[in-house]
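A.B. asks: A single structure is presented below for examination.
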Amino acid sequence: MAEQYMVGLLGGVIASLLGFVFLYCNFLIRFRGLRKLNRAASMEFPKKNSVNKTGKSEGVGTTDIIIVGAGVAGAALAYSLGKDGHRVRVIERDLNAPNRMAGESLTPGGYLKLIELRLEDCVDEIDAQRLLGYTLYKDGNEARVSFPLEKFQSHVAGRIFHNGRFIQRLRKKVASLHNVSLEQGTVTSLIEENGIVKGVHYKNGNGKLLTTYASLTIVCDGCFSNLRRSLCYSKVDIPSYFVGLTLTNCNLPKENFGAIILAHPSPIVFYQISSTEIRCMVNVPSENVPSVSNGEMACYLKTQVAPKVLPELYDSFISAIEKKGNIRIAPNKIMAAAPHLTPGALLIGDALNMRHAITGGGMTVALSDVVILRDLLRPLHDLSNASTISKYLESFYTLRKPMSSTINILANVLQKVFSASSNPAMENLQHTFLGYLRLGGMFSYGASAMLCGLCPSPLSLAFHFFSIAIYGVGRLLLPFPSPRRLWDGAKFLWVASNILLPYIYSEGTRQMFFPLTVPAYYRTPPENKDKKNFMH
């Protein structure tokens, strides 16, 4: 253990210097390829089929802000803007309670954002379960990752729940505001005039085509957004699928702690979604997803996954497989935020940016986006000058980077690290990560603070990643650095940097590490011509 601490401390001291060396060298290697990628992306934009410049429909009036979608981001934003006095129209495709596996985990950082938005009571009365961390299991060894909550009040913790129950609580809060209209309808297109988005066309519950106008349209219609192509350069990657099961009549090994089993060929995640139910999520690579309808998936789960499940969960796992209709599949989507500045419109939530779901950070990013956007809009009483407002709100995309890039990169990197590989260096990276967490102190708490949204810092992310890399090299070189061990250490560093750096580039190196150099980092709110009395 003494040697482990010595290696860990050594890694901590030199990691930041090596990190910048890796960043710079890889930047030189990849620069030309990235320029080609950016040119290709610009050739794909815009997709005109998402914008309707003309059309016959019935008008339903004008409001200050239209919000497309009443999921976590849309409902929370509608409530916040309504409380600030804006007239808001929310159009949601289906106002019934969602029945989905996504959006079940809220990290402590996300809970703090709920408090900022005065929505923390939405996790009450829905049988939500406290989440204090995760336990990682591999080859009979385990490492506990506890969220660093000592400095917070006792109610601050992660929460896990049925997504539909949480969404309905948010919508109930929205419906309580007299200046917010919440209605069911499907937005078919944006209305554009002279390059400015003026509103939307949508079909109501009866299929009638309607038109509504607003000074600002905010699109947050989720991961399956049909409007994002007109507002961003969308490139969606699906590295894997989550196969979900609901287990009953069992308990997790450690109360209030999720469980992550690092097994071949990919990880298995367990967490408590109610007082009587445990969600199991099996990560299956996208190129090898068995069919549910013909029984191949059930066979795969019984033969390939069940032997790796913890003994105390095994019987319930088998019973869950055999229960009819209990196997569900959802894609894990990754999409970096690449917005196109569009006067009159803004994109947030999963419509803008997605990350792998293995860390459950999506709702935390969405709620953080809502807080930032609410604060930017709070001093504005007049939204009529679309071009000026659009230029002012451009800072949103940089201000969101500390939280979004930290959680995005962690999720995307960990899904690669946790997925078994024939590459011995990848296997060694898994063992290194577990050993690093077992060091405790600043190593374990620093990593878990980023994971749960309490330390949204790209610099901390780079520091810990390269500390882990140096710690892993140290493990390979001990007790003395033979030529073979030096070669293995070099391969290990190459694999580690090639996992991390592409995600850093996709998030934007300048916005992450040098935000003050971005012209849109902060802009003074435009002067208000219309002095309205707003409710606060």
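The values are calculated or read from the model by the stated rules, or taken from the named source; none is laboratory data. On a predicted model such as this, the values are computed, not experimentally measured, just so you know. Here Cβ is always computed from backbone atoms with ideal geometry, including for glycine, and neighbour counts include all displayed protein chains. Quick note on the areas: whole protein, heavy atoms, side chains included, nothing else; ligands and nucleic acids left out. Shrake-Rupley method; radii C 1.70, N 1.55, O 1.52, S 1.80 Å.
A.B. asks: Can you pull out the residues in the stretch 237-257 that are over 24 Å from the mean Cα position of the chain (by Cα) and among the hydroxyl-bearing types (Ser, Thr, Tyr)? Outline the logic, then answer.
C.D. replies: Going residue by residue through the stretch 237-257, those that are over 24 Å from the mean Cα position of the chain (by Cα) are 247-255.
Within the stretch 237-257, just Thr248 meets the criteria.
A.B. asks: Let me ask another. How many residues does the stretch 250-264 contain that are touching an Asp or Glu at 6+ places or on another chain (Cβ under 8 Å) and of a type outside the set (A, V, I, L, M, F, W, C)?
C.D. replies: Total satisfying the criteria: 2.
A.B. asks: May I pose another question? For the condition surrounded by 24 or more Cβ atoms within 10 Å (Cβ to Cβ), touching a Gly at 6+ places or on another chain (Cβ under 9 Å), closer than 13 Å to Val371 by Cα and among the aliphatic types (A, V, I, L, M), what is the one hit in Leu81, Leu77, Leu106? Explain how you work it out, then say what you get.
C.D. replies: On the way: Leu81 fails: touching a Gly at 6+ places or on another chain (Cβ under 9 Å); Leu106 fails: closer than 13 Å to Val371 by Cα.
The conditions single out Leu77.
A.B. asks: From (1) crowded, with 21+ Cβ neighbours inside 10 Å; (2) part of a loop (DSSP other than H, G, I, E, B); (3) among the acidic types (Asp, Glu), pick out the condition that doesn't hold for Asp382.
C.D. replies: (1)
A.B. asks: Another question about this same structure. Name every residue in the stretch 322-353 that is open to solvent by less than 10 Å² (accessible area, probe 1.4 Å), in contact (Cβ under 8 Å) with a residue 60 or more places away in the chain and under 24 Å from Tyr134 (Cβ atoms), in order of residue number.
C.D. replies: Asn332
Residues are listed down the side, and each one gets a yes or a no for (1) of a type in the set (Phe, Trp, Tyr); (2) modelled with pLDDT of 95 or more; (3) more than 25 Å from Ser457 (Cβ to Cβ); (4) touching a helix residue (DSSP H, G or I) at 6+ places or on another chain (Cβ under 7 Å):
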site: Pro98; (1), (2), (3), (4): no, no, yes, yes
site: Pro108; (1), (2), (3), (4): no, yes, no, no
site: Leu112; (1), (2), (3), (4): no, yes, no, no
site: Gln129; (1), (2), (3), (4): no, yes, yes, no
site: Lys138; (1), (2), (3), (4): no, no, yes, yes
site: Asn141; (1), (2), (3), (4): no, no, yes, yes
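A.B. asks: For the stretch 57-93, enumerate the residues that are in contact with a Ser or Thr (Cβ under 9 Å, 6 or more places away or on another chain) and assigned to a loop (DSSP other than H, G, I, E, B).
C.D. replies: Ser57, Gly69, His86, Arg87, Arg93
A.B. asks: Within the stretch 309-321, count every residue that is open to solvent by less than 30 Å² (accessible area, probe 1.4 Å) and among the β-branched types (Val, Ile, Thr).
C.D. replies: Going through the stretch 309-321 one residue at a time, the tally reaches 2.
A.B. asks: May I pose another question? Take residues that are of a type outside the set (Lys, Arg) and more than 24 Å from Met335 (Cβ to Cβ) and tell me which of the helices (runs of 4 or more DSSP H) falling wholly in the stretch 389-466 contain 3 or more.
C.D. replies: 424-438, 441-451
A.B. asks: Answer yes or no as to whether Ile218 is β-branched (Val, Ile, Thr), over 30 Å from Asn332 (Cα atoms) and not assigned by the TED database to the domain that holds Val282. Working first, answer last.
C.D. replies: Values: β-branched (Val, Ile, Thr): yes; over 30 Å from Asn332 (Cα atoms): no; not assigned by the TED database to the domain that holds Val282: yes.
So Ile218 does not fit the description; no.
A.B. asks: Further, regarding this structure: Using beta carbons and a limit of 7 Å, which pairs, at least six apart or on different chains, have the first residue in the stretch 284-295 and within 16 Å of Ser240 (Cβ to Cβ) and the second one open to solvent by 90 Å² or more (accessible area, probe 1.4 Å)?
C.D. replies: Every condition considered, the pairs that remain are Pro290/Glu296.
A.B. asks: Collect the residues in the stretch 209-246 that are part of a strand (DSSP E or B) and under 20 Å from Arg355 (Cβ atoms), keeping them in residue-number order.
C.D. replies: Within the stretch 209-246, the subset part of a strand (DSSP E or B) is 209-219, 232, 237-246.
Listed by number, the residues that qualify are Val219, Cys232, Asp237, Ile238, Pro239, Ser240, Tyr241, Phe242, Val243, Gly244.
A.B. asks: Listed residues Ser275, Ser181; which is open to solvent by 50 Å² or more (accessible area, probe 1.4 Å), among the small types (Gly, Ala, Ser) and touching a strand residue (DSSP E or B) at 6+ places or on another chain (Cβ under 8 Å)? Don't jump to the end; show me each part of the working.
C.D. replies: Working: Ser181 fails: open to solvent by 50 Å² or more (accessible area, probe 1.4 Å).
Only one candidate qualifies: Ser275.
A.B. asks: Please find, within the stretch 477-523, the residue that is surrounded by the most Cβ atoms within 10 Å (Cβ to Cβ) out of those that are free of Cβ contacts under 8 Å to residues at least 12 places away in the same chain and in a loop (DSSP other than H, G, I, E, B).
C.D. replies: Pro481
A.B. asks: How do the strands (runs of 3 or more DSSP E) wholly within the stretch 101-208 filter down when requiring 2 or more residues that are under 19 Å from the mean Cα position of the chain (by Cα): which remain? Talk me through it step by step, then tell me what you get.
C.D. replies: Details: elements: 129-131, 133-138, 141-146, 158-160, 180-193, 196-204.
Output list reads 133-138, 158-160.
A.B. asks: If you don't mind, another one. When the residues of the stretch 369-379 are filtered to those that are in a helix (DSSP H, G or I) and charged (D, E, K, R), which remaining residue is nearest to Thr135 (Cα to Cα)? I'd like the intermediate steps shown before the answer.
C.D. replies: The first filter runs over the stretch 369-379 and keeps only residues in a helix (DSSP H, G or I), leaving 369-377.
Imposing the further condition that a residue be charged (D, E, K, R) reduces the set to 369, 374-375.
On the way: Asp369: 29, Arg374: 36, Asp375: 36 Å.
Step by step, filter the stretch 369-379, then rank; the result is Asp369.
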